[in-house]
Amino acid sequence: MLCWKWVFVAALSLGMASAEPAFAQRQGGFLSGLFGNNQNNRAQQAANSAQRRANRSVQSALNFFGFDAGGLDGVLGRKSRGAINEFQTFMGYEPTGSLTREERRFLLSAFNEINVDDEALALKISLGLVSVQDLLKARAEGEPEIAGTAEEPAPNVPLSMRSLCINIGASGPLDLVKAQFCNLRQLAIEQSDFLLETSLTTTSLEPVIGECQNFTTEIQPQIELVEIEPATALLADMDLWFRRSGASKDKLFRQAQTCLGVAYRHDDPEAALASLLVLSGLKDPIFIELTGYHIAFGLGPNEALDMAQAQGWMEAALAAQTEENMSLTAQSSAQRIDTLVDVITILSAQE
């Protein structure tokens, strides 16, 4: 008998992940590396890290509103200062290239309210239905929304990963499966952010983005087959691809995890699948499972919902379980096995 209660509890338990990714917790946390130095060094490193995070938030907000600050490197260099200047000119502030405390507060609060807190509005923006700069102006003038946007019908577009998670309900077992995907998606984003925080050695994200683009280009033939080929055959193909690449397994694993979170954050299912196939080829069951969710919910190249094909990937994830904890969730193998059994049963009932 299918244990719906367990699936529901598993969905909730994933959703209650701590702010710090599981990978960080197992490695001792963000601060573990600071304790090898003296007190002054620790304080300086922590302050520098906090400042870079704050600067990246500013760069994210500037880019979101159409003021090109370049990569999110946490360094407010010439390009970022130019973007700040453009933002100040647009808003009618004195164009100094350096934000005042009030200007920074307004920029970040507008970004959080529009892009983070209101995912439905963020989806409209991504579809080109709303101008972000009009929203910025309206917020500065105290208007609740841009006239006409509330009544504008959404176009007939394929379901995106973001909209799937925004509109998830609680009407049946399939919604619990969607919750599994959405929670793993969020954990992948957090993991990617953590890897960028601890691994970025340059002042630009361009090399990272370039690697992500390479994944998508190189894995394109396999992406086209993900909804057609049996999971076992495609996993064997990815294993062969990895061996021929001659790449370091650890480096490739970290790169693909980073790219996966970037793809999820930017709602790019094709790039996400490219990273997932690389990670699946490295025999990590949690990413094999995630590939199955993509197929189940039409987040593949052909946007086809195929429950039987998705089951094949879930069964492959089941077969790949080991005694080790999962790389993304830090759950035990036994916990993921129980969840996968329930997910497979739910998918089989949808055929």
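The values are calculated or read from the model by the stated rules, or taken from the named source; none is laboratory data. Fair warning: this is a prediction, and the values are worked out from it, not measured in the lab. Note: ideal-geometry Cβ built from the backbone for every residue, glycine included; neighbour counts use all protein chains shown.
What the table shows:
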read-out: Qualifying residue in segment 282-297 (condition: under 21 Å from Ile209 (Cα atoms) and at pLDDT 90 or above); value: yes
read-out: Filtered residues of segment 72-84 (kept if over 15 Å from Phe106 (Cα atoms) and either modelled with pLDDT of 90 or more or basic (Lys, Arg) (or both)); value: Arg78, Lys79, Ser80, Arg81, Gly82, Ala83
read-out: Candidates Phe67, Phe87 - the one that is modelled with pLDDT of 90 or more, outside any helix (DSSP H, G or I), among the aromatic types (Phe, Trp, Tyr) and touching a helix residue (DSSP H, G or I) at 6+ places or on another chain (Cβ under 7 Å); value: Phe67
read-out: Residues being part of a helix (DSSP H, G or I), modelled with pLDDT of 85 or more and hydrophobic (A, V, I, L, M, F, W, C) - total across segment 209-241; value: 10
read-out: Selection from segment 246-285 of residues that are assigned to a loop (DSSP other than H, G, I, E, B) and either outside the structural domain of Gly210 (by TED's automatic domain parsing) or not acidic (Asp, Glu) (or both); value: Gly246, Ala247, Ser248, His266, Leu282, Lys283
read-out: Segment 317-335, residues that are outside any loop (DSSP other than H, G, I, E, B) and surrounded by 21 or more Cβ atoms within 10 Å (Cβ to Cβ); value: Ala317
read-out: Criterion violated by Arg244 - all others in (1) surrounded by 21 or more Cβ atoms within 10 Å (Cβ to Cβ); (2) over 17 Å from the mean Cα position of the chain (by Cα) satisfied; value: (1)
read-out: Those residues of segment 269-279 which are closer than 12 Å to Ile223 by Cβ and either over 10 Å from the mean Cα position of the chain (by Cα) or not hydrophobic (A, V, I, L, M, F, W, C) (or both), in sequence order; value: Pro269, Glu270, Ala271, Leu273, Ala274, Ser275, Leu276, Leu277, Val278
read-out: Options Ser275, Ser348; residue that is closer than 21 Å to Thr232 by Cα, surrounded by fewer than 17 Cβ atoms within 10 Å (Cβ to Cβ) and touching a residue at least 40 places away in the same chain (Cβ under 8 Å); value: Ser348
